[in-house]
Amino acid sequence: MQSRPYNKDVIFFWRFMMINLENCKKLFKKYVENYDMENDKIYLKYYHSMRVVDFCQKISESLNLSDEDISISMLIGLLHDIGRFEQIKRYNTFEDIKSVDHADLGVEILENNNFIAQFVDDLEIQKLVLIAIKNHNKFAIEGDLDDRTLLFCKIIRDADKLDIFNIFIKGDLKISYTDSLISDNVYNCLMNSKSLQNKDIKTDIDYYLRSVGMFFDLNFKYSLEYVKLNGWVDRLMNRIISCSSNEKEKLNDIKLKLNAFLASK
């Protein structure tokens with residue numbers, strides 16, 4: 001009997017179908033419904049995850065990635081914060097420094113009883129997804145990753161930040177008068193175009209400036225153009241400036257630095 005010729009298109013279609021995003025979204029929702037959907041934090045993180053999926057798709061499309069790689073990036077976006085729900089249940093906080101690293105917890109949840117196999121059964125893709133999730137919230141991406149894995153790590157980091165910016169701009173800012181000073185290290189890092197680490201955060205205003213520092217860690221043209229198009233630097237910094245009577249000069253310095261940084265990209 002004559003064997004069938006090797007058909008790359010068939011193999012690609014079979015691999016692509018291993019990630020059925022609609023089924024993945026249903027499974028993810030079913031998982032989240034094990035938690036209290038009336039809890040504002042649970043609600044916030046569920047819809048944050050959905051929006052990050054969309055940002056992953058748009059960034060990937062802007063890079064002209066294959067349909068399969070776009071699908072992988074969207075799955076990473078869907079699952080990147082799966083550890084948040086258990087974190088909220090256990091500790092009632094989003095602050096990793098006060099509880100647990102939510103990315104590491106998410107990897108643990110997906111590895112437990114091979115839960116990740118319900119989303120994708122290809123072992124190579126599973127490994128890639130887990131590495132990207134683990135690195136999405138770290139100060140820096142771990143070294144020695146291959147170019148393909150590094151790309152997906154950068155995509156999820158950008159997509160996550162884009163929605164975080166939006167949340168900070170729309171949310172309430174709570175800065176007490178006594179906690180409205182900028183820590184010296186925070187100011188120096190931002191003026192040197194550096195992102196902030198959790199250990200740098202000492203005051204209320206430092207907390208909000210941490211999100212500002214994320215602008216310096218954006219990787220892709222799509223992300224930078226999206227920030228510029230929405231005027232997020234001015235919108236976010238103006239909100240912070242309006243809440244501080246003590247640090248307006250320094251905050252305006254940071255605002256100018258951020259705009260100059262974006263203009264140079």
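Could I have the simple spin-label model distance between residue 124 and residue 94, label points 7 Å from Cα toward Cβ, reported in nm to one decimal?
The modelled label-to-label distance comes out at 3.6 nm.
On average over all directions, what projected area in square nanometres does segment 73-222 have, based on the convex hull of its Cα atoms?
For the Cα atoms of segment 73-222, the hull's average projected area reads 10.2 nm².
Quick one: putting +1 on the C-beta of Lys and Arg, -1 on the C-beta of Asp and Glu, what dipole do you get for segment 104-162 around its Cα centre, in Debye to the nearest 20?
Computed charge dipole of segment 104-162: roughly 260 debye.
Just the projected area, averaged over all directions, of the convex hull on the alpha carbon atoms of segment 172-265: how many nm²?
For segment 172-265, the mean projected area of the Cα convex hull comes to 5.6 nm².
When the helices in the chain are scored as -39500 (n - 2.57) per DSSP H run of 4 or longer and the sum is shared across all residues, what 222 nm value do you end up with, to the nearest 500 deg cm²/dmol?
Calculated mean residue ellipticity at 222 nm is -20000 deg cm²/dmol.
With +1 assigned to the C-beta of every Lys and Arg and -1 to the C-beta of every Asp and Glu, and no other charges, what is the dipole magnitude of segment 172-265 about the Cα centre in debye, to the nearest 20?
It comes to approximately 280 debye.
Could you put 199, 58 in order, starting from the residue whose Cβ has the fewest other Cβ atoms within 10 Å?
The order, fewest Cβ neighbours first, is 199, 58.
Expressed as a rounded percentage, what relative contact order does segment 6-170 have, with Cα pairs under 8 Å and six or more residues apart?
25 percent
For the chain, what value does the Rg/Rh ratio take when both radii are computed over Cα atoms and Rh is the Kirkwood radius, given to two decimals?
With Rg and the Kirkwood Rh in hand, the quotient comes to 1.02.
Multiply the residue gap between residue 114 and residue 39 by 0.36 nm, knock off their C-alpha separation, and tell me the result in nm, one decimal place.
Difference between extended and current length: 24.2 nm.
A short reminder: the numbers here are calculations on the coordinates, not readings from a lab. These figures come from a predicted structure and were not determined experimentally. Reconstructed Cβ throughout: ideal geometry from the backbone, glycine too, with neighbour counts over all protein chains shown.
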